[in-house]
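Student: The structure follows.
The values are calculated or read from the model by the stated rules, or taken from the named source; none is laboratory data. Only a predicted model underlies this, so the values are computations on that prediction, with no experimental measurement involved. Cβ placement follows ideal geometry from the backbone for every residue including glycine, while neighbour counts extend to all protein chains displayed. Surface areas here come from the heavy atoms of the whole protein model, side chains and all, with no ligands, DNA or RNA. Shrake-Rupley method; radii C 1.70, N 1.55, O 1.52, S 1.80 Å.
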Amino acid sequence: MIASTVKPLFVLVLTFSLLLVVILLSPSPPRFLQIPVPSGSSVGSEIWSVKRIIEWRPCKWWLQGHLTPLPAKTNGYIRVDCYGGLNQMRRDLCDGVGIARLLNATLVLPKFEVAAYWNESSGFADVFDVDYFIQKMSGFIEVVKELPLDLASKEPFKVDCSKRKGQFDYIESVLPSLLEHHYISFTPAMSQRRDRYPQFARATLCQACYSALRLTSSLEKKAIELLEAIPKPFLSLHLRFEPDMVAYSQCEYPNLSPSSIAAVEAARVDRKPWTGELAQTWRKRGKCPLTPNETVLMLQSLNIPTSTNIYLAAGDGLMEMEGFTSVYTNVFTKSALLNQEDFTRMHGNTKAALDYHVSINSDAYVATYFGNMDKIVAAMRTYKQMHNTLFLSRKAFAELTSQGLEGEELKKALWEVHKKDFAIGRGFALPDCFCEFEL
């Protein structure tokens, strides 16, 4: 009787011991998997269950970028001047930090230019934690809050490279000014090929863009308050259909309401819409923003339930929203969730920062465009290993509707397009900092 009792006990102990040995001897997860991921239920849709065949991860040369020793002597001091909305300025900052490292310069805290158009007056230190930025950039580039005494009273020599395109050589064109004046400022040139930078400069850019920027404690507190107020689980939707956006696109929308048409015409200035065959070609190239009604159809094609909690990550002035909110009724905005007195005091950068924080922590992120915010949010979600991210294909929508598809046939075709996009991680991350791995 005793022997029969001991035998099962012996087997149980032996099994547990073997299991413990396997766990202890198993290799630790790679570094990219150790990035903390917020918990949260998935937003209901079959699209998030599609098997991914490609995964993007932070490149090894970035994660080890701090191991490249900094030169013993600096070539001078650089201030990056950033213009536009928050996400455009963040893009300029990322490029500028990489260029400063390329030129072996010491980085002065960047300047966020005041822009009346964006209803803006907040600077870099009003949005981002300066001490955290300096700490996280340690080993990648030296960052200073103050200049040496011999330069402290001087304005930087301004180097104009913001309008340059193509193969603009910073070493050839900017370094001589840095060596001559010792303190310069510039706005990075447009459409630069970052892959031409040496890896130590690219690693510095990536560190600045995705690891070193944290909101100030007061702004982060407000962002957490907003995030907690949104019912869970939820989808963050970046919808772009403001008058200036539509005017800039040069697309025609004949079925808009009279008030929307008037608002677009007022914003057009000299950007007249394309007409005739040119308009069709432009639309088929995916250049036209999706209307809220078209966005509804796209979400339905992805089988996203109409009861889904949706946070609208968008600026002021969205048009034609009635059709959207009549179908997706659980729509939440920062203006409705935050204290009204606080909200009215917020500048454009603050509002954009709140949208950014909510979007990188949402259960799912869907964008109707592929602008500066979308690229940064998608990359940050990839960095955090949050894969429920999708960009609605304006190009596919235009192409399929031009073929006469509608109703369920159109939805089925759109599903197939986005199923493939999600599987290969289209738009999840830019190859500047992330490397592709087959699963």
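Student: Compute the Cα gyration tensor for the chain, then decide on rounded, prolate or oblate, letting a ≥ b ≥ c be the square roots of its eigenvalues: rounded whenever a/c is under 1.5, prolate when a/b is larger than b/c in the other cases, and oblate in all that remain.
Tutor: Taking the square roots of the gyration eigenvalues as a ≥ b ≥ c, the chain is oblate.
Student: Leaving out ligands, DNA and RNA but keeping every protein chain, what accessible area does Tyr356 have, in Å² rounded to the nearest 10, with a 1.4 Å probe?
Tutor: Taking all protein chains as shown, Tyr356 has close to 20 Å².
Student: Around Thr106, what is the net charge, scoring Lys/Arg as +1 and Asp/Glu as -1 over all other residues with Cβ under 12 Å from its Cβ?
Tutor: Net local charge, Thr106 excluded: +2.
Student: Rolling a 1.4 angstrom probe over the protein heavy atoms, how many square angstrom per residue are accessible across the chain?
Tutor: Heavy-atom SASA per residue in the chain reads 50 Å².
Student: Given an 8 Å cut-off on Cα distances and at least 6 residues of separation, report the relative contact order of the stretch 73-214 as a percent.
Tutor: Computed over the stretch 73-214, the figure is 36 percent.
Student: Still on this structure: Which sequence of Phe324, Phe391 reflects their accessible areas, 1.4 Å probe, from the largest down?
Tutor: On the way: Phe324 0, Phe391 25 Å².
Largest accessible area first, the list is Phe391, Phe324.
Student: Here's a follow-up. What percent do you get for the relative contact order of the chain when only Cα pairs under 8 Å and 6+ apart count?
Tutor: Reported relative contact order: 24 percent.
Student: Please compute the net charge surrounding Lys334, taking Lys and Arg as +1 and Asp and Glu as -1 over other residues with Cβ under 12 Å from its Cβ. Before the final figure, lay out the partial values.
Tutor: Values: positive: Lys222, Lys351; negative: Glu225, Asp316, Asp342, Asp355.
Counting the neighbours of Lys334, the net charge comes to -2.
Student: Looking at the chain, which Cys residues are left with no other cysteine's beta carbon under 4.7 Å from theirs?
Tutor: Flagged as lacking a Cys partner: Cys82, Cys161.
Student: With a 1.4 Å probe and all protein chains kept in place, how do Ile224, Ile376 rank by accessible area, largest first?
Tutor: Ile224, Ile376
Student: Given a cut-off of 24 Å, name the pairs among Lys232/Lys351; Lys145/Lys375; Lys287/Lys334; Lys60/Lys222 whose C-alpha atoms lie farther apart than that in the structure shown.
Tutor: Among Lys232/Lys351; Lys145/Lys375; Lys287/Lys334; Lys60/Lys222, the Cα-Cα distance tops 24 Å for Lys145/Lys375; Lys287/Lys334; Lys60/Lys222.
Student: For a quick check: with amide H placed at 1.01 Å from N, whose amide H comes under 5 Å from Lys158's, ignoring anything fewer than 5 positions away on the same chain?
Tutor: Amide H neighbours of Lys158: Ser185.
Student: For every other residue with a beta carbon closer than 10 angstrom to the beta carbon of His387, add +1 if it is Lys or Arg and -1 if Asp or Glu, then tell me the sum.
Tutor: On the way: positive: Arg52, Arg381, Lys384; negative: Glu55.
Net charge around His387: +2.
Student: Given a 1.4 angstrom probe, I'd like the percentage of the accessible area of the chain that is carbon and sulfur, rounded to a whole number. Let's see the in-between values first.
Tutor: Values: 12200 of 22030 Å².
Of all accessible area on the chain, carbon and sulfur atoms account for 55 percent.
Student: Amide H neighbours of Phe434 under 5 Å, counting only residues 5+ apart in sequence or on other chains, H built in-plane at 1.01 Å?
Tutor: Cys59
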